[in-house]
Amino acid sequence: MDEEEILASQIRFNQNVMIVSCGIALLVTLVALWFAGIFLRPVRALIDGVERIRGGERNVVVQNRSRDEFGDLVGAFNEMSETIRERDELIEGKTQAYEQLLRRIFPDAVADRMRNGDVSMVENVPQATVIYAIVEGFAAVAQAADAAQAGRILSEIVDRFD
């Protein structure tokens, strides 16, 4: 026998081992990708939730299907989302209350200008004088005094302006 004939079975064995090894490596890679997809599903759901909050959506809740660290993270995210929603509602309520108060104190045109940041509201109106003044510290004085005394102090301030 020549050398090529002797090594032929060894070469065939090496080729078979190489083919089986490549097949196993491909199978392991596909299984690893499948598990990675399962493993990253909660992370993708959280990223989607963050994007929805960033887009302005209010009631964002991510489904929690795991009981591991990712489940804890999803729970914390849902709590944070609820806190953001509650704060937004509180801010919206305070803004509406401020708007109502502003419109009770001032005419709508003045209230609109104040809301838009206009600080200098000087206009000429024939035969009328209107002054708007902020009396620093009056709220503390009014709280410390009774209603009648606070009214007298305010009347005295107005008289002096007059």
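Points worth noting:
- Accessible surface of the chain [probe 1.4 Å, protein heavy atoms]: carbon and sulfur percent: 59
- Our note on the geometry: Cα centres of the range 105-119 and the range 11-53, 62 Å apart.
- Residue-averaged [θ]222 nm for the chain, counting only DSSP H segments that reach four residues, each worth -39500 (n - 2.57): -26000 deg cm²/dmol
- Between the helical axis of 147-161 and the longest alpha-carbon principal axis of the chain there is an angle of about 70 degrees.
- Among PHE35, CYS22, GLY49 the positive-end extreme of the charge dipole of the range 1-56 (Cβ point charges): GLY49
- Counting only alpha carbon atoms, the long axis of helix 69-105 and the longest principal axis of the chain meet at about 20°.
- FRET efficiency for the GLU4 to LEU33 pair, using the beta carbon distance and R₀ = 35 Å, is estimated at 0.25.
- The alpha carbons of the chain stretch over 128, 37, 23 Å along the principal axes, in descending order.
- Each Lys and Arg adds +1 at its Cβ and each Asp and Glu adds -1 at its Cβ; summed about the Cα centre, the chain shows a dipole of about 460 debye.
- Relative contact order of the chain, pairs being alpha-carbon contacts under 8 Å that are 6 or more residues apart, as %: 11
- Taking packing as the residue-averaged number of other Cβ atoms within 10 angstrom, the listed peptides 42-49, 20-27 run from highest to lowest as 42-49, 20-27.
- According to the Cα-based calculation, Rg over Rh for the range 14-93 is 1.34, with Rh computed by the Kirkwood formula.
The values are calculated or read from the model by the stated rules, or taken from the named source; none is laboratory data. This is a predicted model, so every value here is computed, not measured. Quick reminder, even Gly has a Cβ in these numbers, built from the backbone with ideal geometry, and neighbours come from all protein chains shown. Ligands, DNA and RNA are stripped out before the accessible areas are found, and what is left, the full protein with its side chains, is counted by its heavy atoms. Shrake-Rupley method; radii C 1.70, N 1.55, O 1.52, S 1.80 Å.
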